[in-house]
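The structure appears right after this line, and notes come after that.
Since every read-out is calculated from the coordinates, none of them should be taken as a lab result. Quick caveat: nothing in here was measured; it's all calculated off a predicted structure. Methodologically, a virtual Cβ is constructed for each residue, glycine included, from the backbone with ideal geometry; neighbour enumeration extends over all protein chains shown.
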Amino acid sequence: MYELWFKELLHELDAARAAMSAGDAYWAVRYLHRVGAIEGVLVAQVGVLETMRPQDFLVFRSELAPASGFQSVQFRAIEFVSGLRDRSYLERLELNESERAMLERRLVEPSLWDGWGDLVRRHGSPTLQQIAADRDRYGELFEVAEALLDHDEALGLWRFRHVQMVERQLGSKSGTGGSTGASYLRTTIDKKLFPELWALRSAL
Ligand code: HEM
């Protein structure tokens, strides 16, 4: 079920990036709003898994190994298109040829931030500060930037809910994918997709 949502997310993220590259702020926002709605569903679904008690999870956990969230090719693709391009994750994945080709392509193709760059150029290359300061002129652009930030925030929220759930089920046990488990996952919570958009807040 999660993988189906990941597939839909990738589709919408690609559409948002293409709209930005084509200079179309209206459609970029529409697609990014759908991204946000899907991410809301993903975060809410964590609560369903948390109705499971840790003793009950342990009964089938050994049958999951070596399966792990590390094996989610689509999750890594979502990170890559969003601009988080850590190639070392490729070595942790067991990939068939077409999956490897897909991730290699996503490592080099334009990211959402590249799309944003195209959009801004088509509007005369104002800086983020100028966009924020003149919403009569750049309001549409500012809404795209805010929708990108929504995506960044939602992914962080998912990471946080996931690590809470993991700690609740496993405590400090290590993961079936070979990581240290919750303590590894906690190091990912603060990953930022668009640091420039976060930094803008301090500069306003
Ligand atoms: C009881 C439920 C779950 C437990 C105990 C659990 C546990 C873990 C652990 C320990 C890791 C770290 C990697 C490792 O060593 O295995 C991990 C990573 C991951 N899990 Fe889960 N998980 C659960 C449910 C889910 C669900 C429902 C998803 C759905 C998307 C998911 C997606 C991921 C992803 C994408 C990663 C990689 C995260 C990263 O590297 O940033 N997990 N999980």
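Before moving on, here are some points about what is shown:
- For segment 75-159, Kirkwood radius (reciprocal of mean inverse C-alpha pair distance, Å): 14.7 Å
- For the chain, with +1 on Lys and Arg beta carbons and -1 on Asp and Glu, the positive-most of Leu204, Leu64, Thr180 along the dipole: Thr180
- Mean-position separation - Cα centroids, segment 45-120 and segment 166-204, in angstrom: 14 Å
- Near-label residues of segment 69-87 by backbone N, under 15 Å of a point 7 Å along Cα→Cβ of Glu196: 82-84
- Across segment 109-171 the C-alpha pair distances fall into 10 Å bins from zero in the proportions 19, 36, 21, 14, 8, 1 percent.
- For the chain, with +1 on Lys and Arg beta carbons and -1 on Asp and Glu, the positive-most of Leu13, Ser88, Leu170 along the dipole: Leu170
- Burial order of peptide ranges 80-92, 61-73 (average beta-carbon count within 10 Å, highest first): 80-92, 61-73
- Cβ-derived FRET efficiency at R0 25 Å, Asp114 paired with Arg137, nearest 0.05: 0.60
- The charge dipole of segment 2-203, taken about its Cα centre with unit charges on the Cβ atoms of Lys, Arg (+1), Asp and Glu (-1) only, comes to about 420 debye.
- When segment 94-204 is reduced to its Cα atoms, the Kirkwood hydrodynamic radius in Å: 16.9 Å
- Average projection area in nm² (convex hull over Cα atoms of segment 2-203, one quarter of hull surface): 12.0 nm²
- Cα gyration tensor, segment 1-105 - rounded (a/c under 1.5), prolate or oblate: oblate
- Rounded tilt (10° steps) of 97-108 against the dominant C-alpha axis of the chain: 40 degrees
- Under 20 Å from the Leu49 label point (7 Å along Cα→beta-carbon), backbone N, segment 127-155: 152-155
- ³J(HN,Hα), Karplus 6.51/-1.76/1.60, whole Hz, each residue of segment 10-19, x for Gly, Pro: 4, 4, 5, 5, 4, 5, 5, 5, 5, 4
- Spin-label zone in segment 42-71 - amide nitrogen under 18 Å from a point set 7 Å from the Cα of Gln164 along the C-beta vector: 42-54
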